[in-house]
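Working notes, structure below.
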Amino acid sequence: MAINLKGRSFLTLKDYSPFEIRYLLDLSRDYKQLKRAGVFPQRLKNKSIALIFEKPSTRTRCAFTVACYDEGAHSEYLGKNDIQMGKKESIPDTARVLGRMFDGIQFRGFDQKVVEGLAKWSGVPVWNGLTDEDHPTQALADLLTIEENLGAVKGKKLVYVGDGRNNVSNALLTACMKMGMHYTIAAPESLFPDRSLGDWASKVARETGAILEIEKDPFKAVKNADAIYTDVWVSMGEEDKPGIRERVESLRPYQVNGKLMAATGKNHTLFLHCLPAHHTDGVHDMEVTEDVFESSNSKVFDEAENRLHTIKAVMVATLT
Ligand code: CP
């Protein structure tokens, strides 16, 4: 099947078919091999890319910047105090200005509606580098990492342990449903995902053979897991929100430690984390213990590297 993604935005994996996701994963693999061989096809030569960041970033910013450099594009970092979007200028006006000057726009920020507005008004591809709702470039890198380590993702079981409503879990749920994977969320009931996402998942799962489970008991949830995934207990921008202390308390039983990894019943279970991570220091409880984070099962730095190759694939596929 011929796949042509030219001109498309990448706001959520919900907008992409399993074939299109497969295509992006294959392209990512190709770009990874080419870079290892020192080959840079320069598919983005003479393109200019705007990188809007309302929130800080290490991996996403560096992945977009290096991908642009590798493929011959110019990237322009636009931090939250560098442009007037949302303050002195509306989203539609900013989008139309940037669309006249740039070939593509990356947005990282809070509101999914902003990235949707940029896509609607700019007339160029817009890529979601994280919002409060979604993190699709992360999920694509995670699929590639699972595939590299365990083979075909279809039928594999990924268990997300922690805040089941956060953007990374939403993106992974979407990715797994699209690719026919078994996705289990282990979370306290107060942090179960939004019901509308569950309704969407049931529809997609019927077509792809995926399974979605939501479970309170982390030990029951991880049984037979091929990969266990977690994220920080407090996301970016939430530090001062009311109820954070209660949330952290409710997540303490969901720490990924040696006992939980052993409860999978498998030796090869991967440990995944989108990073940045808080590994427990022996005094404060964090989402993962040092021994698991540093173990040979941990593929967190493969995931981080794969951000580069997958983001490069998304830009090339949607711009050329
Ligand atoms: N995983 C991730 O999005 O990392 P950054 O916040 O460093 O971009």
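The values are calculated or read from the model by the stated rules, or taken from the named source; none is laboratory data. Please read all numbers here as calculations on a predicted model, not as lab measurements. Cβ sites come from the backbone with ideal geometry, for glycine too, and all protein chains shown count toward neighbours. Please note that ligands, DNA and RNA were not included when accessible areas were found on the heavy atoms of the full protein model with its side chains. Shrake-Rupley method; radii C 1.70, N 1.55, O 1.52, S 1.80 Å.
If the condition is being in contact (Cβ under 8 Å) with a residue 40 or more places away in the chain, open to solvent by less than 70 Å² (accessible area, probe 1.4 Å) and within 16 Å of the ligand (Cβ to nearest atom), then region 70-116 contributes Gln106, Phe107, Arg108, Gly109, Gln112, Val115.
Residues that are among the β-branched types (Val, Ile, Thr), out of contact with any Ser or Thr (no Cβ under 8 Å at 6 or more places or on another chain) and farther than 18 Å from Phe110 by Cβ within region 34-60 comprise Val39, Thr58, listed in sequence order.
Looking only at region 118-131, residues that are more than 19 Å from Lys6 (Cα to Cα) and out of contact with any Ser or Thr (no Cβ under 8 Å at 6 or more places or on another chain) come to 1 in all. When the residues of region 50-63 are filtered to those that are crowded, with 22+ Cβ neighbours inside 10 Å and either β-branched (Val, Ile, Thr) or farther than 25 Å from Glu238 by Cα (or both), the one that is farthest from the ligand (Cβ to nearest atom) is Ala50. Would you confirm whether or not region 25-45 contains a residue that is in contact with a strand residue (DSSP E or B) (Cβ under 6 Å, 6 or more places away or on another chain) and either away from the ligand (no atom under 16 Å from the Cβ) or part of a loop (DSSP other than H, G, I, E, B) (or both)? Looking for residues that are in contact with a strand residue (DSSP E or B) (Cβ under 6 Å, 6 or more places away or on another chain) and either away from the ligand (no atom under 16 Å from the Cβ) or part of a loop (DSSP other than H, G, I, E, B) (or both), one finds none in region 25-45, hence no. Inside region 169-184, can you point out the residues that are over 16 Å from the mean Cα position of the chain (by Cα) and among the β-branched types (Val, Ile, Thr)? Correct list: Thr184 only. Against the criterion of being touching an Asp or Glu at 6+ places or on another chain (Cβ under 6 Å) and either part of a helix (DSSP H, G or I) or surrounded by 22 or more Cβ atoms within 10 Å (Cβ to Cβ) (or both), Ala175 does not qualify. Among the candidates Thr320, Thr264, Thr280, Thr269, the residue that is touching a residue at least 12 places away in the same chain (Cβ under 8 Å) and over 27 Å from Glu215 (Cβ atoms) is uniquely Thr320. Out of Val159, Val124, one residue alone is more than 16 Å from the ligand (Cβ to nearest atom) and within 18 Å of Ala277 (Cα to Cα). It is Val159. Leu98 - would you say it is of a type outside the set (D, E, K, R) and under 23 Å from Ile21 (Cα atoms)? So Leu98 does not fit the description; no.
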